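One structure is given below, encoded as structure tokens.
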Amino acid sequence: GFAILNGNIIDRSEAKVDVEDRGYQFGDGVYEVIRVYNGKMFTGAEHLERFGKSSDSIGISLPYRTEELLALLEELIEKNNLQLGIIYMQLTRGVSPRNHAFPIEKVAPVLTAYTKEFARPDESMKKGVPAILTEDIRWLRCDIKSLNLLGNLLAKQKAAEAGCFEAIQHRGENVTEGSSSNIYIVKNGVVITHESNNLILKGITKDVILELCLENNIPVEERTFTLEELANADEVFLSSTTSEVMPIVEIDDKKVTEGQPGPVTKKLQKLFQLEIENQCGK
Ligand code: PMP
């Protein structure tokens, strides 16, 4: 297949980066994962906007305009003949002799992207998935979609070892987010999810879900909620680019909603499906 290296689409086997790329050595860069349905990007512009914000926040300037980048990604999808999958895209500060401080001379940021076929998790979305709880040990800028993911990886590995789909992270009593997803509870018909501040990533899927709630008169509270509220919730679900609206039916071996996806979660899955069809066709 093909990959993007800086402004060019080249054979993936030729897309190589230097051993002193700062992304490789320090995780000094940012990334995005964009869903592709029917050969079309879902919320592509929103992902590129967040990409720009993440890179700005660590002082890397995106060397392409949004329209240029969108066109380049569209070309990549077409060349790779991708129908259903994802684009992975990252931007690092570039290649420079190893030193923690940013390079003094101007170095060119390194942009890479590739595509991957990736099915929708239909079975899991229907049945729901189990999760574990784990203390959130990450840094205080979780709003940046940084390549530094060790905290997230350790949490996800703990979930994997417990045979679970996701780790729900909490800082003390407060639930923050999953290792690679946003977390929601439903109580008395109200959807509750952590406000988008420095402690979580502002999910693009979260934005879509909150908009769908607004349009369909489903009440929403964007606020911190506690482990106790999680334990007493009527429904729990997570969201992400790859997992869409995913019911959580078990937490630390305790059943949620009698082990079944709840009605509000199912309603949001239907609305999300319609939104996919609106943007990308049937
Ligand atoms: N939080 C974290 C830590 C994530 O890694 C992700 C997935 N990228 C999300 C939330 C969900 O974000 P999105 O809906 O944009 O995929």
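Quick note: the coordinates plus some simple rules give every number you see, no bench work behind them. This one's a predicted model, so the numbers in the text were calculated from it and none came from an experiment. Here the Cβ is made from the backbone with ideal geometry for all residues, glycine too, and neighbour counts use every protein chain on show.
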Within region 231-245, tally of residues that are of a type in the set (A, V, I, L, M) and crowded, with 24+ Cβ neighbours inside 10 Å: 3
Residue ranges of strands (runs of 3 or more DSSP E) in region 125-230 with at least 3 members away from the ligand (no atom under 13 Å from the Cβ), touching a Phe, Trp or Tyr at 6+ places or on another chain (Cβ under 9 Å) and within 19 Å of Pro261 (Cα to Cα): 129-135, 182-187
Failed criterion for Ala113 (all others in (1) over 17 Å from the mean Cα position of the chain (by Cα); (2) of a type in the set (Gly, Ala, Ser); (3) not in a loop (DSSP other than H, G, I, E, B) hold): (1)
Residue within region 251-270 that is aliphatic (A, V, I, L, M) and under 23 Å from Lys158 (Cα atoms) present: yes
Subset of region 231-246 [outside any loop (DSSP other than H, G, I, E, B) and within 16 Å of the ligand (Cβ to nearest atom)]: Val236, Phe237, Leu238, Ser239, Ser240, Glu244, Val245, Met246
When residues of region 64-105 are limited to those that are outside any loop (DSSP other than H, G, I, E, B) and among the small types (Gly, Ala, Ser), the one farthest from Thr241 (Cα to Cα): Ala71
Complete set of residues in region 1-50 that are surrounded by 18 or more Cβ atoms within 10 Å (Cβ to Cβ) and either part of a loop (DSSP other than H, G, I, E, B) or within 11 Å of the ligand (Cβ to nearest atom) (or both): Asp28, Tyr31, Glu32, Val33, Ile34, Arg35, Phe42, Thr43, His47, Arg50
Members of region 104-149 found to be more than 30 Å from Gly163 (Cα to Cα) and in contact (Cβ under 8 Å) with a residue 24 or more places away in the chain, listed by number: Ala108, Pro109, Val110, Leu111, Thr112, Ala113
